[in-house]
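Participant: Structure in structure tokens, see below.
What follows is calculated from the coordinates using simple rules that are stated; it is not laboratory data. Because the structure is predicted, anything quoted here is derived from the model rather than measured. Virtual Cβ from ideal backbone geometry, glycine too; neighbours counted across all protein chains shown.
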């Protein structure tokens, strides 16, 4: 028997197994409800589906009034941060196979920001503290005509981690200090300040360090690591905050 | 007509100049923590392990320790550092779990009072402790006091 012949063709591929997954979603319709309420939905899902697919199925096939934000659906735009089984995650990056589907999956809006409808919160306080740290390049020097500012690979490496932020608010809304005290800058603002403080092309590090050396600044951080756990981009948020604390004590980055 | 704010205007008033208590509180927690490690474990070692160990602790043992300025200062330092460290820790917990308002002020106020009272009392006791106060009836004095 020649070895080159095809063995038995694989038996007709077994249909990919699907599961019925129960989702408990915290609904809130400001026109009708005074308090948020939990509503359950049964959705047919594959292990490779994401929580966002489940939300789509619910919205498209079961209840069109379900409201949530999503844009790119691929973990880049940062629109669909939500609390999934008590942890802040991007719905578009959370696979069904990584969740325990023997129990219902709880989905609710992120905490600490004003709830507007279903899974949508008012992000304005979050972006207000982001704006406060002046997250843009402030340079006193002008590069040579026709050239860009040169930066060595090593200097770029210092703040590489914090350039990855997509402003989804998963970290800030996982922070217990932020939950009780909305005045706290929150991890995301500090991460984005870190990105410019440690950038050697930027000349306003001292301004930002001064802003974060506030009563409501980095010193409120309790290093609970909730933010590092929540970050969908894997940024070491708590480490970045600690580096900003060190920089404030040194008085320079 | 409303005026659009300049894009780089500060959203919250700039921090007042001068010492930043939150920063110094944060530094204090770390510095006192390291010193307290030495002080507390030294205290436990000397009291519980050295010599006869825990059986040696009685009124006379404490009286003997507080007759020595070294142990007086050791204990007073431990008292101050630990109480301020603990009270500041409780303050941050109050900050984390209550919203600004009367309750928060009340809780922080009681923390301050408790810490101050304990520090003042403790310091007074350590430095003025006399196991054999003059003029006390002999039956109330410990056996090692010289007979008057």
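Participant: Bins of 10 Å, beginning at zero and ending with the bin holding the largest distance: percent of Cα pairs per bin for chain A, please.
Facilitator: Going from the shortest bin to the longest, the percentages are 7, 26, 26, 19, 12, 6, 3, 1, 0.
Participant: Angle check, please: helix B:21-48 long axis (alpha carbons) against the longest principal axis of chain B (alpha carbons), in degrees 0 to 90, nearest 10.
Facilitator: 20
Participant: Determine, for A:42, A:199, A:181, the number of other Cβ atoms within 10 Å of each Cβ, and report the residues in order from fewest to most.
Facilitator: A:42, A:181, A:199
Participant: Nearest 10 degrees is fine. How inclined is helix A:237-250 to the longest principal axis of chain A, computing both from alpha carbons?
Facilitator: Once rounded, one gets 10 degrees.
Participant: At residue A:32 and residue A:103, where each label point lies 7 Å from the Cα along Cα→Cβ, what is the point-to-point distance in nanometres?
Facilitator: Roughly 2.9 nm, to one decimal.
Participant: OK, next. How far is helix B:102-128 tilted, in degrees, relative to the longest principal axis of the Cα atoms in chain B, given as a value from 0 to 90 rounded to the nearest 10?
Facilitator: Between helix and principal axis, roughly 30 degrees.
Participant: Go ahead and run the numbers for FRET between residue A:42 and residue B:96, Cβ-Cβ distance against an R0 of 56 Å, rounding to 0.05.
Facilitator: In this case the efficiency is close to 0.90.
Participant: Which whole-number percent is the relative contact order of the range A:18-121 (Cα, under 8 Å, 6+ apart)?
Facilitator: Value for the range A:18-121: 33 percent.
Participant: Could you list log10 I(q)/I(0) for the range B:23-131 at q = 0.17, 0.19, 0.20 Å⁻¹, which the Debye formula gives when each Cα is one point scatterer?
Facilitator: With no solvent term, the Cα-only Debye profile gives -0.90, -1.02, -1.08.
Participant: For residue A:210 paired with residue B:141, estimate the spin-label separation in nm (one decimal), with each label point 7 Å from Cα along the Cα-to-Cβ line.
Facilitator: 6.7
Participant: Let me ask another. At 222 nm, what helix-only mean residue ellipticity would chain B give, in deg cm²/dmol to the nearest 500, using -39500 (n - 2.57) for each DSSP H run of four or more?
Facilitator: It comes out at -21500 deg cm²/dmol, rounded to the nearest 500.
Participant: Further question on the same structure: Please give, to one decimal in nm, the separation of the simple spin-label points placed at residue A:71 and residue B:62, each 7 Å out from Cα toward the Cβ.
Facilitator: 6.6
Participant: For A:249, A:45, which order do you get if you count the other beta carbons within 10 Å of each Cβ and list the fewest first?
Facilitator: If I rank by nearby Cβ atoms, fewest first, I get A:249, A:45.
Participant: While we're here: Which order do A:72, A:231 fall in if you start with the one that has the fewest other Cβ atoms within 10 Å?
Facilitator: Ascending number of Cβ neighbours within 10 Å: A:72, A:231.
Participant: Same structure, new question: Using only alpha carbon pairs under 8 Å that are at least six residues apart, calculate the relative contact order of chain B and give it in whole percent.
Facilitator: 25
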